[in-house]
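Below is one structure, written out as structure tokens, with a few remarks after it.
Just so it is clear, none of the values below were taken in a lab; they were calculated from the coordinates. Please read all numbers here as calculations on a predicted model, not as lab measurements. All Cβ positions, glycine included, derive from the backbone under ideal geometry; neighbour counts span all protein chains shown.
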């Protein structure tokens with residue numbers, strides 16, 4: 001067995017940006033024909049159930065195509081033909097997978113792209129650059145779905161942006177009901193949202 005330091009390693013950053021989960025991965029592939037290859041990817045975590053326009057939501061909840069592969073069956077998705085592929089991804093969308101609870105009351109899509117293309121082979125990237133591209137893709141998504149529901153930081157649940165207040169940095173959200181709950185529960189404490197009213 002190889003020594004531990006001889007194996008491939010991966011660093012992962014998990015970020016919340018304007019209600020969208022972003023995952024950035026950085027890893028190196030050793031034993032690549034041309035030597036060690038430096039690799040970056042980013043993914044957006046999107047819930048179709050937080051998109052009020054049900055038609056728009058269902059257009060990204062793709063049906064799988066099943067194919068025999070090796071000794072099993074592989075599910076693949078035609079993500080190039082849905083509106084997510086029209087967003088600006090680095091080199092285009094290259095990844096799509098979906099999960100749901102058994103009753104499909106909670107559905108999540110992980111869609112992303114990679115930086116390992118012939119056109120940018122050998123190009124140096126860092127996490128700040130990859131994050132900049134990931135937030136740009138997220139902003140494009142939000143321009144397509146401006147009423148994407150946000151999680152309330154006090155009472156939970158998902159709410160339309162018009163049903164509450166977003167912090168100046170865009171990272172926190174509190175619903176009107178959450179504000180009422182906080183004022184009742186902690187009457188002597190001012191929340192960040194009060195300065196915005």
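What the table shows:
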item	result
Estimated distance in nm for a label pair at residue 16 and residue 100, the labels positioned 7 Å out from Cα along Cα-to-Cβ	2.6
Whether region 1-106 is rounded, prolate or oblate, judged on the alpha carbon gyration tensor where a/c under 1.5 counts as rounded	prolate
Solution diffusion estimate, µm²/s, Stokes-Einstein, region 104-187, Kirkwood Rh from C-alpha pairs, 37 °C, viscosity 0.692 mPa s	208
Alpha-carbon centroid distance for the pair region 6-82 / region 141-185, whole angstrom	27
Residue order, fewest to most surrounding Cβ atoms within 10 angstrom, among 43, 125	125, 43
In degrees, nearest ten, helix 127-144 long axis to first principal axis of the chain (Cα)	60
Angle in degrees between helix 176-185 and the longest Cα principal axis of the chain, rounded to the nearest 10	60
